[in-house]
Amino acid sequence: MEILSTLIMFGAMFGIMYFLLIRPQKKQQQKVQDMLSNLEVGDSIVTIGGLHGIIDEINDAAKTVVLDCEGIYLTFERRAVARVVTKATDTVTTVEPEDLGTNEPDVDEDITEE
């Protein structure tokens, strides 16, 4: 009977360790892998070293990315990307012609000259 209770206790300890340590780590690792596989040219990113840049080129064979850092092009391993600040599609905005308005400044007509 003691052997059965010992096995149940080890099983419970393994279950607790799985739900507290292993499962969250696997979820986080999958999230990072998804982020790295969804990188696109034009994404604004931050590397693990803190360098901010925009992806200029992605080489899937060598698993590298080329970053444009204000005219300086640097090549990094794909796994060196820490986070994506903005996606390429987020930075493109369209302005409708009716939203532009006129070039005339707003003038308050209630102002009187003294």
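Return the equivalent ellipsoid semi-axes of the range 40-95 as a descending list in whole Å, where each equals the square root of 5 times an eigenvalue of the C-alpha gyration tensor.
19, 12, 11
Each residue of the range 57-74 in turn: what ³J(HN,Hα) in whole Hz from Karplus with 6.51, -1.76, 1.60 and θ = phi - 60°, glycine and Pro shown as x?
8, 10, 10, 5, 5, 8, 6, 10, 10, 9, 9, 9, 10, 6, x, 9, 9, 10
What list of ³J(HN,Hα) values in whole Hz, one per residue of the range 76-86 in order, does the Karplus curve 6.51 cos²θ - 1.76 cosθ + 1.60 (θ = phi - 60°) give from phi, with Gly and Pro shown as x?
With the stated coefficients, the range 76-86 comes to 10, 5, 4, 6, 7, 7, 8, 7, 9, 7, 9 Hz.
If the chain between residue 4 and residue 73 were fully stretched, how many nm would it gain, using 0.36 nm times the residue separation less the Cα-Cα distance?
Difference between extended and current length: 18.5 nm.
Between residue 62 and residue 88, take the C-beta separation as r, use R0 = 22 Å, and let me know the FRET efficiency to the nearest 0.05.
E between residue 62 and residue 88, to the nearest 0.05, is 0.55.
Read phi for every residue in the range 29-45 and hand back ³J(HN,Hα) as whole Hz from Karplus 6.51 cos²θ - 1.76 cosθ + 1.60, θ = phi - 60°, with x for Gly and Pro.
Calculated HN-Hα couplings, in order: 5, 5, 5, 5, 5, 5, 4, 5, 6, 9, 5, 9, 5, x, 5, 8, 10 Hz.
Only the coordinates and a few stated rules stand behind these numbers; no lab work does. Since the model is a prediction, treat every value here as computed from it, not as a measurement. Every residue, glycine as well, gets a Cβ built from its backbone with ideal geometry; the counts of neighbours run over all protein chains shown.
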